Amino acid sequence: MRLLLNVIWLVLAGFWMAVGYAVAGLICCILIITIPWGIASFRIANYALWPFGREVVDKPGAGTGSLLGNVIWIVVAGFWLAIGHVVTGIALCVTIIGIPLGVANFKLVKVSLVPLGKEIVEVP
């Protein structure tokens, strides 16, 4: 079932959301000081391509640096990526088949706003 949901997700929403994260990551990596945000953006792009069967958890040991970095990220790119997830999630929830995909999009809003101090793990 996860494979089927991931394939449908990839076609309907995942590819474009991953492209958005990849563009944000490239911009962050071009500017030398924002490379940590670029790496986090690429990590989320990977998760946005294939989200079912994985989840985002808090990274142990993430502290004040992650908090300050997340505040900067929200201002620069996180807000716009979160809006993209909300709009896509609403559009997917219009159909019955798209409801699980819309819910997955709403789950990605949290990580799109605060990506630092998080890690993606496989669900058993």
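The values are calculated or read from the model by the stated rules, or taken from the named source; none is laboratory data. The structure displayed is predicted, hence computed values, not measured ones. Positions of Cβ are generated from backbone atoms using ideal geometry, with glycine treated the same way; all protein chains shown enter the neighbour counts. Just so you know, the surface numbers come from the protein's heavy atoms only, side chains and all, with ligands and any DNA or RNA stripped out. Shrake-Rupley method; radii C 1.70, N 1.55, O 1.52, S 1.80 Å.
So, in region 77-90, exactly how many residues are exposed (fewer than 14 other Cβ atoms within 10 Å of the Cβ) and aliphatic (A, V, I, L, M)? Before you say what the answer is, go through the steps one by one.
Initial filter on region 77-90 (exposed (fewer than 14 other Cβ atoms within 10 Å of the Cβ)): 79-80, 83, 87, 90.
Imposing the further condition that a residue be aliphatic (A, V, I, L, M) reduces the set to 83, 87, 90.
Matching residues across region 77-90 total 3.
Would you confirm whether or not region 14-31 contains a residue that is farther than 27 Å from residue 2 by Cβ, open to solvent by less than 80 Å² (accessible area, probe 1.4 Å) and of a type outside the set (Val, Ile, Thr)?
The answer is yes; a qualifying residue exists.
List the pairs whose first member sits in region 46-58 and is within 20 Å of residue 16 (Cα to Cα) and surrounded by fewer than 17 Cβ atoms within 10 Å (Cβ to Cβ), whose second member is modelled with pLDDT of 85 or more and acidic (Asp, Glu), and whose Cβ atoms are under 7 Å apart, counting only residues at least 6 apart or on separate chains?
Filtered contacts from region 46-58: 53/122; 54/122.
Can you pull out the residues in region 32-45 that are out of contact with any helix residue (DSSP H, G or I) (no Cβ under 7 Å at 6 or more places or on another chain), over 13 Å from residue 77 (Cα atoms) and either free of Cβ contacts under 8 Å to residues at least 60 places away in the same chain or buried (at least 20 other Cβ atoms within 10 Å of the Cβ) (or both)?
Pass one, region 32-45, residues out of contact with any helix residue (DSSP H, G or I) (no Cβ under 7 Å at 6 or more places or on another chain): 32-33, 39-40, 43.
Retained after the next criterion (residues that are over 13 Å from residue 77 (Cα atoms)): 32-33, 39, 43.
Scanning region 32-45 gives 32, 33, 39.
Say whether the condition of being over 10 Å from the mean Cα position of the chain (by Cα) and exposed (fewer than 15 other Cβ atoms within 10 Å of the Cβ) is met by at least one residue in region 100-113.
Yes: one or more hits.
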